[in-house]
Structures are given as structure tokens and as C-alpha cells.
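The structure appears right after this line, and notes come after that.
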Amino acid sequence: MRIASLIACALLVLAGCADEEPDAPPHGPIAFEDVTAASGVDFRHFNAVRGSVLPEDMGSGAAWGDVDGDGFEDLYLVNYAGPLLASLEEIRQRPGNRLFRNKGDGTFDDVTSTSGLTRSARDAAALLADLDNDGDPDLVVTGLDGCALYRNDGGMFTDVTQGSGVDTVKGMALGPALGDYDLDGDLDLYIPCYVTFPTEKARDRRMVGGRPEPWTTPASYPPQPNVLLRNEGGLRFSNRAAEAGVVNERGRSMQAVFVDLDGDRYPELFVGNDQSPDILFHNKGDGTFEDVSMKSRLWDPRASMGVGVGDIDGDGDMDLHLTHFVQEPPALMRNDSRRPGGDRPARLLFQDIADESGLLNAWYRSLVGWATALQDLDNDGDIDLIAFHGSTIEDELTQDVFTNPKLLPQRPMILANDGAGKLTDVRAGGGPVFEERIVARGGAFADFDQDGRVDAVVNVHNGPARLLRNTSPGHASWIRVRLVGKRSNRDGVGAVVEVDLGDRVLHRQVICGSSYLAGDSLAVSFGLGDATPKRLMVTWPVSGQTQVVEAPPTRQTITVTEPE
């Protein structure tokens, strides 16, 4: 993220913001409908005049999770509740984060006030996951003023931050990740922290062109160290970042992901950094990590914001999609770390295939990427790509820039996979939502209406959140899998889930914390096309045991419980 001059902004508007689109059919293979108004999800982010200071522009995210145990994904939306220079007392009086209960009929009720989650702060991200293995998802919230932890008791939440160890996080906390890095059966928390911003000095900025000077360039401010909170049980955590070797003190960190990239069950830790190189920490299996960023080819100086995880080429391991800043094309990092049948130890190794995959054919130089996912959006059996955009550059060509500076809105991107790893821009057939320009930030993905198609929610900076229902035609066969861990963590985070179709095997991994400032559903979705699955296989993270379900039923959610 960088501030641009008037001339640079004008050039970008002329060169890229017009967003010329390729020819496409009126109805694409992937389509979404904006159902926000009909759903009852009434939420607006920020609700204030921008002060042109960096922390305000980071945006906020969302998290999906079944908080009340009724089988439907509920939605938690996060708010940066007011101007940076407002007092904390004023912030607490403004509209804050909201919890929307899924009624199961496509609509939601706002249950914030009755759930114990009335919170107004300068917040960024959230994750819903079972941190105490008691059967319901607890809530982690990050933000400018640190983090909060809420214990869930059947849909009622209690703030247990004080004394939990989560209260020791004091930095500008952004996109967290949950994973069992030591394979002891519970979820640990990694919190990326961004920069130290001089808030008090920002009150006395010099005047430039008749208004306070914009302070929006990350490189102007020192990075903050990240935090690894090991789960000690009983919702108590201890910071092990230094001894584990994952402080990342030089990175301006935005989003982290725990994901097993080499197939040894121990999750690696990827950290996307802004105006500082990305970092890949290899999990050594002894409670420590090794920085292998350079050796793995994931050392990348581009400004990474969002991180999508999925098997884009169908070879059985997890690849990464990274969204970037203006004039920095997105990356599609193919995982070449291991190959089936290989007899040599795995070496973490990646190759950027954005060009050969066709991703760069659909990329426009003005775009600033945030929320993203690698998901099978049309249920044809391969992984597609979706990304949301919104500039951090102000619209300097209007008089409003002096009194109410607005950020330039941009269109989302959606690309269909042809099954051979080639991506095609299909926005033109994706519905009105892909023709509209918004200032997107965090976004999360879940099949909220349980029709077998992965839906999305995106948080819009200083605007209404958008709930997007997947209406892709064809509605091919599918399976949705939810895990219940016993020896492993209750949600099965880190488990590998596979569906054998006979001529090929589809691979997923349960990830908690990716995209940007967001938590996707922890149920994994498989599109099957016209195929009939022969078996479903779950490899659990702690034991390494593979559990097999023969001839699994389709077009429904299957719950697989780990053997005791």
C-alpha cells in the first residue's frame, strides 16, 4: 500500500481503472447474486470521514462459524468503528462488530446484543474455532489496540481476554491464523502485527494543498514483531514466538496461514508482508521453525495482502494465491515440494505460475487485491480463483478530497479453471456484482445456504458489507465434509480430506485463517461434476491415521468423527 501523487493517480485511472473486459457469454460458468438486503445482514463499516491515515485504510474482515450448534454457518462481521483520532470513549459509543445468526432459510437475525458480543473498537479480523475442544467455536478478534478472546457456551459468549495471554498482544494486530503447530491436540494462535503508527503526532500533521498531509505509506513506519500463542489448555496461551523462531521482526505483516505444505502433518507458517518480503517458516516438528523463504522461492518483496490456499493444479499439495498492490501482479505459487511416489525427503519449493496459468491475462495494473480464495466455485471438480479489490489511492480528481477523501473503488475478479490449470476471466458472466466497483477489504467463504455451492461475504471499507450467494448454473454433484476431532483438535484443523473419483483424487486441507482478515467455514466443500465418488478419506493431524468412508453419499454434508 502506497500513497500516489495526483499525476500517478490520474495515469492509473486512465490506464487501468476503466477496467476493459474481455468478450464473454452473458451467463458465465460461475455467477453470484448479491442477497445482502434480502438476507437481513445489515452492516456498515467505519461510518466516518477518512483522516487519510494508514490504520483507517486497512479495513476489516469477517468470520463464519456455527456458534449455536444448529448446523448452519453464522456470520461475524468486524468493524473499525471510527476515526483513528477519535477517543476510545467515542469509539465505544459507535456501532461495532455484529453477530448474525443463520436462520437456515437464507436469512439472518442480528443477535449481537443477546450473545454477549457487544464490542466497539478499532478492529481488523476475527476467527471462530473451538479453542477449548468443548464442542462450540470460540472467538478471537484482532485490531489496532490488540486482541480479544471470547469463550462460547452454546451461543452465549463471555469475554475471557484478561489473563488468557491474548491480552499480552499490544501491536496493530491484523490477519491471524489458527493451527496445531506442535500436534498436541489443540489450536495455537499466530498473530501478525503491522507497524507502529504515531497516532498522537498525526493530530498535528502539516497542511499540504489545503488539507492535512496524508500519512498512508507503510514503509514510513517501523514493523512490529509477531506473536505465536501456544495453547496451554483452559483458554490460556503463552507467547512462544521467540523460542519457535517466528517473530518476523522485520516484516510488516498482514495475513498469516498455517498449512502443511510438505505432507508431514506439521503445519508450516506462511506470513504475507507489506513493503517487506514474505516469509515461509518450515515446521521442524520439535516446536521450532526454520525460515526457508529464500530456498523455497517464497521470498517476495511485493506487498502481499490476501492469501488463498488450495490445490490449483490437482497434484495433491497446497498452492498459494497472493494478492498485491498497484503495478504488482498477483502471484500464483505452485507447490513443487513433493511428488507422489518420491523417495527423497521433501524440500519446500514453489514456482510462480501466474503467467502460464492465465492469471496475468486477467490482471489490470490498477488493481489492489485483498480477500481471495481458491475454491471450486462451479462444482466441476477443479479449483477456481476469486479475488476482491479496492484501492488505497484517493480520488484526487474531485473537490471531495479536501473534506471527505474517498478511496477509488474497483471490480472483483473471478477466474474459472479449465481442469488443466488454465484460468479464464469469467467476470462478464458472473452477475451484476462483478460489474460493480467497491472498496473491498476482508472477505470469507462458506456454503451458508447449504445448497452445495460456496458463497462469499466481503467487508467494504466505509460501506455496507455484501453477502454474495453462489448461483452458478449446472449445480453439479457435491459433498461437504465437517470433521469432529477426538485426539486431534475438535475442528479437525490441519486434517487432509480427499475424495477418490476413480480417475483422480480431489484434495483439501482444513485451514483456519486465510483470505484477508477472515475465517472461512471449517467445513470443506468438494465439487464432483458428474462423477460418483468411490471413497472419502480423512487423514487426521495428530495420529496421522487415515479414516476411510466407502461410497460416500453426495449432495449433503457428511460428518466424520475421528476414532478415539
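Return the whole-Å distance between the Cα centroid of the stretch 476-551 and the Cα centroid of the stretch 99-165.
25 Å
Highest first, please rank the peptides 533-541, 373-381, 120-128 by the mean number of other Cβ atoms sitting within 10 Å of their residues.
Those peptides, ordered most packed to least, come out 120-128, 373-381, 533-541.
With both bridge residues required to lie in the chain, what share of the DSSP beta bridges run antiparallel, to the nearest 5%?
Roughly 95 percent of the beta bridges in the chain run antiparallel, per DSSP.
For LYS406, which aspartates and glutamates qualify as cross-link partners when the Cα separation must be under 14 Å and same-chain residues fewer than eight apart are set aside?
List returned: GLU56, ASP57, GLU394, ASP395, GLU396.
Under the rule of -39500 (n - 2.57) per DSSP H run of 4 or more residues, summed and divided by the residues of the chain, what mean residue ellipticity at 222 nm is obtained, to the nearest 500 deg cm²/dmol?
-1000 deg cm²/dmol
Could the peptides 494-500, 384-390, 236-242 be put in order, highest first, of the mean number of other beta-carbon atoms found within 10 Å of their residues?
384-390, 494-500, 236-242
For the stretch 56-166, with every protein chain kept in place, what is the accessible area per residue (1.4 Å probe, Å²)?
31 Å²
Can you pull the three principal axis extents for the Cα set of the stretch 430-564, in Å, largest first?
Per principal axis, max minus min of the Cα coordinates gives 48, 33, 22 Å.
Enumerate the whole-percent occupancy of each 5 Å bin, from 0 to the last occupied one, for all C-alpha pair distances of the stretch 134-228.
Spelled out per bin, shortest first, that is 2, 12, 17, 18, 16, 11, 8, 7, 5, 3, 1, 0.
Suppose a student asked you for the relative contact order of the chain, using Cα pairs under 8 Å spaced at least 6 residues apart; what percent would you report?
17 percent
Express the carbon and sulfur contribution to the solvent-accessible surface of the chain as a percent, rounded to the nearest whole number, probe 1.4 angstrom.
49 percent
Going down the table (LYS103/LYS486; LYS201/LYS284; LYS422/LYS534; LYS103/LYS284; LYS295/LYS422), which pairs top 32 Å between alpha carbons?
Check vs 32 Å cut-off fails for LYS201/LYS284; LYS103/LYS284.
If you wrap the stretch 23-107's Cα atoms in a convex hull and average its projection over all directions, what's the area in nm²?
So the Cα hull casts an average projection of 9.0 nm².
For a protection proxy built on the mean count of beta-carbon atoms within 10 angstrom, sort 451-457, 32-38 highest first, please.
451-457, 32-38
Could you work out the pair-distance distribution P(r) of the chain from its alpha-carbon pairs, with 10 angstrom bin width and percents rounded to whole numbers?
Reading upward from the zero bin: 4, 19, 32, 29, 13, 3, 0.
The values are calculated or read from the model by the stated rules, or taken from the named source; none is laboratory data. Keep in mind it's a predicted model, so treat the numbers as computed, not measured. Neighbour counts run over all protein chains shown; Cβ positions are idealised from the backbone, glycine included. The protein model used for the area step is the full one, side chains on, heavy atoms only, and it has no ligands, DNA or RNA in it. Shrake-Rupley method; radii C 1.70, N 1.55, O 1.52, S 1.80 Å.
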